[in-house]
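S.K.: Take this structure first; my questions come after.
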Amino acid sequence: MERAVWAPPGIDTSVAGVARMYDYYAGGSHNFAADRDAARRTLDFLPGLPKSVQADRAFMRRAVTWAVGRGITRFLDIGCGMVSYGNVHQVARSADPACRIVHLDHDPVAVAHGRAVAGDDPGIAVAVADLRRPRQILDGPEVAELLEAAGPVALLLLGVLPFVEDAEDPYGAVRELGEALPPESLIVITHAAYDRVPVSQEQTEGALGVYRDIRSPLTLRSQEQIARFFEGYEMVEPGLVFTPHWRPDAPAEQEDPYAFSSYAGVGRKA
């Protein structure tokens, strides 16, 4: 059985993981055979999914760069996935080397890989945490230290909220995390939606079935449902929009139809 040097002992690499599947869609190499198999089955239903991933990552780069330009130097990245090339800490620090980043994920393989990437850099922390347990996140030493410093923080929830089912109270989790943020902090969200997925509902349901098979059910939400995560925040222009429409570097009309499979937005805490 294949095992990378960054994979922690005791991990069953025959079981697909969401973070590593995402890495595969993004063209990365930090994934196992089981991840590639599940990802390819998903692509049978949604062949343009990598274009959606590219659009989400492009939004992340624009949003993080925009945040740094407005004085944000601390980032809390929940559901970070595989911390690979072009990730949050690299984008933030290319804009301001003083930025501090805490990456969190519930997948121990993703965390082990992230720690290998971060090395002994004191400005980057990577830890195991689950969005469904916000109190545990806030009590973690890495997050507590990040929040103790003066000034606002950017809370990043990029593609992670669809993996929290309604019965697990995602709105309550986001609200509790937001209450702990200092004034003028930001919340940055991307969330997959049905609205403009360019395939039939049957195909979309087939892709969702793959995630149910690996015990990581995926919930697509409407724009109205996603907007509820921003309650209590002032929306940054242009508001909650399809990912390519958030402060684009090039005309959004040039994007692939799959790029419009997610909504994105940034909110500012008063």
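S.K.: Only residues that are without any contact (Cβ under 8 Å) to a residue 40 or more places away in the chain, outside any helix (DSSP H, G or I) and surrounded by fewer than 20 Cβ atoms within 10 Å (Cβ to Cβ): list them for the stretch 32-49, please.
M.R.: Answer for the stretch 32-49, where residues must be without any contact (Cβ under 8 Å) to a residue 40 or more places away in the chain, outside any helix (DSSP H, G or I) and surrounded by fewer than 20 Cβ atoms within 10 Å (Cβ to Cβ): just Pro47.
S.K.: Now a separate question. Only one residue in Ser14, Ser84, Ser29, Ser52 is open to solvent by less than 50 Å² (accessible area, probe 1.4 Å), of a type in the set (Ser, Thr, Tyr) and either touching a Cys at 6+ places or on another chain (Cβ under 7 Å) or more than 23 Å from Arg247 (Cα to Cα) (or both), so which one is that? Steps first, answer last, please.
M.R.: On the way: Ser14 fails: open to solvent by less than 50 Å² (accessible area, probe 1.4 Å); Ser29 fails: open to solvent by less than 50 Å² (accessible area, probe 1.4 Å); Ser52 fails: either touching a Cys at 6+ places or on another chain (Cβ under 7 Å) or more than 23 Å from Arg247 (Cα to Cα) (or both).
Among Ser14, Ser84, Ser29, Ser52, only Ser84 is open to solvent by less than 50 Å² (accessible area, probe 1.4 Å), of a type in the set (Ser, Thr, Tyr) and either touching a Cys at 6+ places or on another chain (Cβ under 7 Å) or more than 23 Å from Arg247 (Cα to Cα) (or both).
S.K.: Which of the residues spanning the stretch 159-180 are out of contact with any Gly (no Cβ under 7 Å at 6 or more places or on another chain), touching a residue at least 40 places away in the same chain (Cβ under 8 Å) and open to solvent by 10 Å² or more (accessible area, probe 1.4 Å)?
M.R.: Phe163, Glu165, Asp166, Tyr171, Arg175, Glu176, Ala180
S.K.: If you take the residues in the stretch 7-61 that are acidic (Asp, Glu) and within 25 Å of Val197 (Cβ to Cβ), which one is modelled with the lowest pLDDT?
M.R.: Asp23
S.K.: Given the conditions (1) open to solvent by 50 Å² or more (accessible area, probe 1.4 Å); (2) under 25 Å from Met82 (Cα atoms); (3) in contact (Cβ under 8 Å) with a residue 24 or more places away in the chain, report the number of the one that Ile226 does not fulfil.
M.R.: In the conditions (1) open to solvent by 50 Å² or more (accessible area, probe 1.4 Å); (2) under 25 Å from Met82 (Cα atoms); (3) in contact (Cβ under 8 Å) with a residue 24 or more places away in the chain, Ile226 misses (1) alone.
S.K.: Against the condition assigned to a loop (DSSP other than H, G, I, E, B), farther than 21 Å from Val68 by Cβ and open to solvent by 50 Å² or more (accessible area, probe 1.4 Å), how does Pro198 come out, does it pass?
M.R.: yes
S.K.: I've got another one for you. I'm checking my understanding of the structure. Among residues of the stretch 225-241 that are of a type in the set (Asp, Glu) and assigned to a loop (DSSP other than H, G, I, E, B), which one is nearest to Ser185 (Cα to Cα)?
M.R.: Going through the qualifying residues, I end up with Glu231.
S.K.: Pick out the one residue from Val117, Val111 that is hydrophobic (A, V, I, L, M, F, W, C), open to solvent by less than 10 Å² (accessible area, probe 1.4 Å), modelled with pLDDT under 95 and in a helix (DSSP H, G or I). Show your work before the answer.
M.R.: On the way: Val117 fails: open to solvent by less than 10 Å² (accessible area, probe 1.4 Å).
Of Val117, Val111, the one residue that is hydrophobic (A, V, I, L, M, F, W, C), open to solvent by less than 10 Å² (accessible area, probe 1.4 Å), modelled with pLDDT under 95 and in a helix (DSSP H, G or I) is Val111.
S.K.: Mind checking which residues of the stretch 95-111 are touching a residue at least 12 places away in the same chain (Cβ under 8 Å) and more than 17 Å from the chain's Cα centre (by Cα)?
M.R.: Of everything in the stretch 95-111, those that are touching a residue at least 12 places away in the same chain (Cβ under 8 Å) and more than 17 Å from the chain's Cα centre (by Cα) turn out to be Ala95, Asp96, Ala98, Cys99, Arg100.
S.K.: Here's something else I'd like to know. Would you confirm, using the coordinates I've provided, whether Arg215 is part of a loop (DSSP other than H, G, I, E, B), among the basic types (Lys, Arg) and touching a helix residue (DSSP H, G or I) at 6+ places or on another chain (Cβ under 9 Å)?
M.R.: So Arg215 fails the test.
S.K.: Mind checking which pairs have a first residue in the stretch 235-261 that is more than 20 Å from Gly69 (Cβ to Cβ) and a second that is assigned to a strand (DSSP E or B) and of a type in the set (A, V, I, L, M, F, W, C), Cβ under 8 Å, 6 or more apart or different chains?
M.R.: If the second residue must be assigned to a strand (DSSP E or B) and of a type in the set (A, V, I, L, M, F, W, C), the pairs left are Leu240/Ala264; Phe242/Ala264; Ala252/Phe242; Ala259/Phe242; Phe260/Phe242; Ser261/Ala192.
S.K.: Among the listed residues Val64, Val91, identify the single one that is modelled with pLDDT of 95 or more, touching a Lys or Arg at 6+ places or on another chain (Cβ under 8 Å), open to solvent by less than 60 Å² (accessible area, probe 1.4 Å) and farther than 30 Å from Asp12 by Cβ.
M.R.: Testing whether each residue is modelled with pLDDT of 95 or more, touching a Lys or Arg at 6+ places or on another chain (Cβ under 8 Å), open to solvent by less than 60 Å² (accessible area, probe 1.4 Å) and farther than 30 Å from Asp12 by Cβ leaves just Val91.
The values are calculated or read from the model by the stated rules, or taken from the named source; none is laboratory data. Worth saying up front: this structure is predicted, and the values here are computed from it rather than measured. Heads up, the Cβs are rebuilt from the backbone with ideal geometry, glycines too, and the neighbour counts pull from every protein chain shown. Each accessible area value is taken on the protein alone, full model and side chains, heavy atoms only, with ligands, DNA and RNA left out. Shrake-Rupley method; radii C 1.70, N 1.55, O 1.52, S 1.80 Å.
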